[in-house]
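The values are calculated or read from the model by the stated rules, or taken from the named source; none is laboratory data. Predicted model only: the values in this text are computed from it and were never measured. Glycine also receives a Cβ, built like all others from the backbone with ideal geometry; neighbour counts cover every protein chain displayed. Note: accessible area is taken over every heavy atom of the protein model, side chains too, but ligands, DNA and RNA are not part of it. Shrake-Rupley method; radii C 1.70, N 1.55, O 1.52, S 1.80 Å.
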Amino acid sequence: MLMKAAAAALRQVFSPALRGILLKSLALTVGLLVVVWFGLTRLIQAFQASHHISADYPLFDTLAFFLAGAGLFVALAYIMPAVSILVAGFFLDDVAEVVEQSDFPADAPGRALPWGQALGSALRFAGLALLVNLVALILVFVPGVNLFAFFGANAYLLGREYFELAAGRFRPLSEARAMREHYGFTVIAAGCLLAGLMIVPVVNLITPLFGVALMVHLHKGLERRALPGPAGTDAHLSNRR
């Protein structure tokens, strides 16, 4: 189911229907990263200017600048998951509507989340992702732990956030959360796929759109798998629209 959902999501990311949203998503993602880059470089320059060693040892100053530049690339890699979640919150309903209309035309359409609720949720999870990845960044100096910490934390966070955003169009947040927990292995596996994309330069820029499209398909597939009944988890997870 997951591979089928991933193939459908990848096809739709580059489809004409999503081309305009893709360009806007890329522009917003790159813009946010440029703002972060600009802020961090200004902090580095201010730090160097405030220390006399920069004037006394210009060669050391140049070396420190290049090392700081390399460090910025690492820092941006750890910031990218938070940026991805934030961008997904902006374009969730636009992408989900295209996917639902093209691949699930016979189903009842999802309900667009109130803009404030969607943005608030995205900001909350983006802040959590930033905090978790800050801890993972500190662990970069611990061999054997750093990559596992980065990948594992983001697999969980990305799977959790993207699935709840997609499922929230069809059910209350409490039910979306219960459904995610019930199908936890499948959702985390999807999160692993997103975390893998996140570490690939350039490709990671499409993660917000791909993640939304993937989770729309995954939610629909899991919804169809649930067996209706008068009681039990599956009945509780049934769509109440």
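Give the number of residues within segment 1-26 that are of a type outside the set (A, V, I, L, M, F, W, C) and either surrounded by 16 or more Cβ atoms within 10 Å (Cβ to Cβ) or touching a Ser or Thr at 6+ places or on another chain (Cβ under 7 Å) (or both).
2
With at pLDDT 85 or above and buried (at least 22 other Cβ atoms within 10 Å of the Cβ) as the only criterion, which of 185, 163, 150 stands out?
Of 185, 163, 150, the one residue that is at pLDDT 85 or above and buried (at least 22 other Cβ atoms within 10 Å of the Cβ) is 163.
Cβ-Cβ under 6 Å, sequence separation 6+ or interchain: first residue in segment 150-173 and without any contact (Cβ under 8 Å) to a residue 12 or more places away in the chain, partner aromatic (Phe, Trp, Tyr) and part of a helix (DSSP H, G or I). Which pairs?
none
For segment 141-156, indicate whether the set of residues that are farther than 21 Å from residue 191 by Cα and outside any loop (DSSP other than H, G, I, E, B) is non-empty.
There is at least one residue in segment 141-156 that is farther than 21 Å from residue 191 by Cα and outside any loop (DSSP other than H, G, I, E, B).
Out of the residues in segment 157-187 meeting the condition of being part of a loop (DSSP other than H, G, I, E, B) and of a type in the set (Lys, Arg), tell me which one is farthest from residue 85 (Cα to Cα).
Per the criteria, the residue is 171.
May I ask you to say which residue of 75, 126, 55, 118 is part of a helix (DSSP H, G or I), modelled with pLDDT under 70 and surrounded by 12 or more Cβ atoms within 10 Å (Cβ to Cβ)?
75
Starting from residues that are within 18 Å of the chain's Cα centre (by Cα) and open to solvent by less than 50 Å² (accessible area, probe 1.4 Å), keep the ones in segment 131-147 and report whichever is farthest from residue 118 (Cα to Cα).
Once the filter is applied, the top-ranked residue is 136.
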